[in-house]
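Colleague: Below is one structure. I have some questions about it.
Laboratory data are not the source of any read-out in this text; all were calculated from the coordinates shown. These figures come from a predicted structure and were not determined experimentally. Cβ placement follows ideal geometry from the backbone for every residue including glycine, while neighbour counts extend to all protein chains displayed.
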Amino acid sequence: MNDIVSINKELCTGCGVCIKICPQQILYLDKESNTCSVSDQTKCDKLRGCERRCPAGAIRIN
């Protein structure tokens, strides 16, 4: 399965901007890695708000 939401864990700073703006509420902060993660790829609306707002450029929507 190809990921719809790709998060580069090396670039992600765990700032939470994407989590706050995700209308589908599928993004969350992984407490172990302190980076953003996705709970359910299939619920992504593909509007790219998280991709545009990520200050680190860590998110890509495919």
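Colleague: Considering only the other residues whose Cβ falls under 13 Å of the Cβ of Leu11, what net charge follows from Lys and Arg at +1 and Asp and Glu at -1?
Modeller: Taking every Cβ under 13 Å from that of Leu11, the sum is 0.
Colleague: Could you tell me the relative contact order of the chain? Use alpha-carbon pairs under 8 Å, at least six residues apart, and round to a whole percent.
Modeller: Dividing the mean separation by the residue count of the chain yields 45 percent.
Colleague: Hey, rough spin-label estimate for Arg60 and Ser33, points 7 angstrom out along Cα→Cβ, what's it come to in nanometres?
Modeller: Going by the 7 Å Cα→Cβ label model, 1.5 nm.
Colleague: Among the aspartates and glutamates, select those whose C-alpha is under 13 Å from the C-alpha of Lys9, and discard any that sit fewer than 8 residues away in the same chain.
Modeller: Asp30, Glu32
Colleague: Further question on the same structure: For n ≥ 4 DSSP H runs only, could you compute -39500 (n - 2.57) per run for the chain, divide by its residues and tell me the 222 nm figure to the nearest 500?
Modeller: -3000 deg cm²/dmol
Colleague: For the chain, what size does the Cα cloud have along each of its three principal axes, sorted from largest down, in whole Å?
Modeller: For the chain, the Cα extents along the three principal axes come out at 23, 22, 18 Å.
Colleague: Calculate, in nm to one decimal, what Lys9 and Gln24 gain on full extension: separation in residues at 0.36 nm each, minus their alpha carbon distance.
Modeller: 3.3 nm
Colleague: Can you compute the charge dipole magnitude of the chain about its Cα centre, using +1 on each Lys and Arg Cβ and -1 on each Asp and Glu Cβ, nothing else charged? Give it in debye, rounded to the nearest 20.
Modeller: It works out to roughly 240 debye.
Colleague: With a 10 Å Cβ neighbour count serving as the proxy for reagent exposure, in which order, fewest first, do Arg60, Arg48 appear?
Modeller: Arg48, Arg60
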